[in-house]
1. Just to be sure I understand: with springs between alpha-carbon atoms less than 10 Å apart, which residue in Glu172, Glu64, Glu153 has the highest mean-square fluctuation in the Gaussian network model of the chain?
2. Could you tell me the distance between the Cα centroids of the stretch 36-72 and the stretch 95-130, to the nearest Å?
3. How big is D for the chain, in µm² s⁻¹ as a whole number, if Stokes-Einstein is applied with the Kirkwood radius of its Cα pairs at 25 °C and 0.890 mPa s?
4. Tell me whether the stretch 28-128 comes out rounded, prolate or oblate; compute the Cα gyration tensor, take square roots of the eigenvalues as a ≥ b ≥ c, and use a/c under 1.5 as the rounded threshold.
5. At 7 Å along the Cα-to-beta-carbon direction for both Ala175 and Leu62, put a label point, then send me their distance in nm to one decimal.
6. In square angstrom, rounded to the nearest 10, how much accessible surface does Met33 have for a 1.4 Å probe?
7. Could you sort Val6, Val136, Val168 by their accessible area in this structure, using a 1.4 Å probe and putting the largest first?
8. Computed FRET efficiency, Cβ-Cβ of Asp19 and Asp165, R0 25 Å: what is it to the nearest 0.05?
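The values are calculated or read from the model by the stated rules, or taken from the named source; none is laboratory data. Nothing here was measured: the structure is a model prediction, and the numbers come from that model. When we count neighbours, we look across all protein chains shown, and the Cβ atoms used for this are built from the backbone with ideal geometry, even at glycine. In case anyone asks, the SASA skips ligands and DNA or RNA and just uses the protein heavy atoms, side chains included. Shrake-Rupley method; radii C 1.70, N 1.55, O 1.52, S 1.80 Å.
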Amino acid sequence: MKSTFVVPDGLEPAQRRSDALAPGDRMPSHNPMCFGCGPDAPNGLHLDARAGEGMAITGEMLVEPHFEGGPGMIHGGILSSAFDEIMGMNVMLMGVTAVTAVLDVDFAKPIQLGSRLRFSTEILGTQRRKIYVRAVAHLIDGDGNSGGDTGEEVGGAHGLFIIVDPSVHFRESRAKSQFASPEFGA
Ligand SMILES: CCCCC/C=C\C/C=C\C/C=C\C/C=C\CCCC(=O)SCCNC(=O)CCNC(=O)[C@H](O)C(C)(C)COP(=O)(O)OP(=O)(O)OC[C@H]1O[C@@H](n2cnc3c(N)ncnc32)[C@H](O)[C@@H]1OP(=O)(O)O
């Protein structure tokens, strides 16, 4: 994978929260209408994410016909959104609220509509409020074999997430959401 994103040396290891989900458990959606993970978002990605070992998680999604960019191909913004979402969900393992400051995506290979993608993502470490995350996307083979990253690697990403106080960060916007829960300052 090619990237110009710089991960600083000397990161602190990220700490998994004591009550984090067990490996293999489905990661809950943080908002039913979230474009990335919300089950009720009508045109959303419907990413299905599972907790992994350590500071890692995995996720899967189907490249639906309405995710088209070039003829028969996924739109680059859709793949970017999927990386943003899956890395954001990864940060949930730490039990903090963080927002994306930088998203760096390597569109390594074309991805056709109808493909199934498997994401693997891991928190690399932290530095004060900064959380560095790395992800890769593989095709799942046509037999539905999602047990491992056996398919072709088609993309990669880095994310820099910044820990925020949700009661401050979402103070003005949360009234616009039907689903803002108390931790967002409701
Ligand atoms: C879809 C939205 C979901 C939101 C989720 C939130 C909570 C949900 C709960 C659970 C989450 C579960 C799943 C999440 C799923 C998906 C996640 C998607 C996340 C998003 O999609 S979210 C939307 C896009 N996102 C934004 O809407 C952010 C707009 N933005 C800002 O709100 C500010 O910009 C902020 C807060 C980022 C920083 O502002 P600030 O004032 O708090 O902090 P400050 O500037 O002091 O930076 C502190 C340190 O970060 C370094 N730093 C900052 N920016 C940098 C950059 N660009 N490059 C390199 N370093 C940077 C500084 O250099 C300093 O570093 P140092 O410690 O070394 O000094």
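1. Comparing Glu172, Glu64, Glu153 in a Gaussian network model of the chain, the most mobile one is Glu172.
2. 12 Å
3. Stokes-Einstein gives a translational diffusion coefficient of 145 µm²/s.
4. Numbers: a/c = 1.92, a/b = 1.52, b/c = 1.26.
Taking the square roots of the gyration eigenvalues as a ≥ b ≥ c, the stretch 28-128 is prolate.
5. So the two model labels end up 4.0 nm from each other.
6. Its accessible surface works out to 90 Å², give or take rounding.
7. On the way: Val6 110, Val136 25, Val168 75 Å².
Highest to lowest solvent-accessible surface, that is Val6, Val168, Val136.
8. Working: r = 21 Å, r/R0 = 0.82.
The pair Asp19/Asp165 has a calculated efficiency of 0.75.
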